[in-house]
Structure formats: structure tokens, C-alpha cells
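What follows is a set of notes on a single structure, which appears directly below.
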Amino acid sequence: MSKEQESLKRSKKRSEKRKKSKMDKILNSLIAIVSILIILNVFAIFTDNKKQPKQSTETAIQNESNEGKEDTNEEQPFENHNMVSAEEVDENGKQELADASDESSSELITKSSNDPLVEEVIIDPEWKVNPTKQTGEHVSAYEEGHIDYEEKLVTIRNAVQLKENNIIYWSVRNNGGPNSAVAVVSTNDKNDYYRVYIEWVEQKGWKPVKVEKLNQAIGVR
């Protein structure tokens, strides 16, 4: 082997050693970088695990606090609904008395009478004015066909709750003035007799004010 060949061979070996040395350095560097990344990841995970219980504890405390507030809010309306002031009780009592008074005032009122012809006196708070069709100054009339007289008859029928085909008018006359009249009527079978008092309400019409149920045995004509 010549010297030149030996020299080339040595040069080739040195070159290979240098390349290998560089590769080793590169590999070592990569291993070091990977190791550092792994350490950082492990540290980050460990740190998160340490922080998580604290956050969970804080969340639990907040939830308990919110639940306490919700419970308070839920109980408050219950307390308010069940608290009734003395004024409300008093007002309710007055209202009940007023309602009772209204109910009693709307009931039919019956009374006894000292008149031997009268079996009982009847007053109904529910009696209404019979609306008039008259205009101008009121003129009380007792002639058949006159509007005022016909309105008197309707008012009398309404007072005793008899239909036109089941009533006999024994008398309809003045009762002391143009705004007051009295009539004696009976059913067609003459089993029930009544004396009916009506009054004129200005610009409104005639209204029943009293009904007397009569004792038919005595006679009323």
C-alpha cells in the first residue's frame, strides 16, 4: 500500500469520526430538548392538579352560598302570604257585614197588619221602576187606553207577579195625589186577592212600594 492510499484512508476515518461526533451531539441535543419538554409537561400537570381542589372548593362554597340565598328567597313569600294585619282583618270583617247586609236587604219582607182585611204586608226591595214612555209633564190618568193608566196596570202586574191573562182589576184609583195610586186585584180563579200601592218616580215611571195580601173571605170590592 502506498503512502497516498494510507493518507486517504486516514483522512476518510477522521471524516467519519467527525460526522459521527456531530451526529452524537445532535442526538444528545434532541434528547435534552425532549427531556426538558417532558419535565415541563409533568410540572404543568402537577401544578394544575394542585390548583383544581382549591377551585372546586371555592365553587362549592359559592354554590352553598347561592343555595342559601335561594332558600331565603323561597321562604320570604311564604312568610308574607301568611302575615295578615289587624287592619286587613277589620276590613274583611266590615266587608262580610256589608255583604250580609246587602243579602238581607234583597230578601222579601213580610209583615203582619192590624187591618182585618189584610193577611200580610209584602215589600220587595228588588222592585224596579216600570220605565215610562211618557214625555213632558206627568199626567195621572185612570181611563183605559191612556198611556199613564196602561203603565199603572203593568206596574201592578209586576208587583204581584201575575200575567195579563191571569189577573182581575177590581179597582184602580188615586191614593191621595197624582203621584200615588192603589189597586185591588185578584187571580182569575179568585183564590188570591191583593191590594197594590204604587208611586210615580219623576221622569222614570211607576214603581211598586207595597203589596197587601187580602183575606178573600171578607170581600174587597
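The values are calculated or read from the model by the stated rules, or taken from the named source; none is laboratory data. Please read these numbers as outputs of a predicted model, since none were measured by experiment. When we count neighbours, we look across all protein chains shown, and the Cβ atoms used for this are built from the backbone with ideal geometry, even at glycine. The protein model used for the area step is the full one, side chains on, heavy atoms only, and it has no ligands, DNA or RNA in it. Shrake-Rupley method; radii C 1.70, N 1.55, O 1.52, S 1.80 Å.
Data for the structure
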{"read-out": "Accessible area expressed per residue, the stretch 168-221, with surrounding protein chains retained (probe 1.4 Å, Å²)", "value": "52"}
{"read-out": "Over 18 Å (Cα to Cα) - which of Lys128/Lys210; Lys128/Lys152; Lys128/Lys190; Lys111/Lys190; Lys128/Lys207 fall in this group", "value": "Lys128/Lys190; Lys111/Lys190"}
{"read-out": "For Asn215, residues with placed amide H under 5 Å, excluding near neighbours", "value": "Val118, Glu119"}
{"read-out": "Pairwise label distance in nanometres, Lys22 with Glu144, each label 7 Å out on the Cα-Cβ vector", "value": "14.6"}
{"read-out": "Packing rank of 173-181, 185-193, where each peptide gets the mean count of other beta carbons within 10 Å, highest leading", "value": "185-193, 173-181"}
{"read-out": "Relative packing of peptides 149-161, 199-211, 113-125 - highest average C-beta neighbours within 10 Å first", "value": "149-161, 199-211, 113-125"}
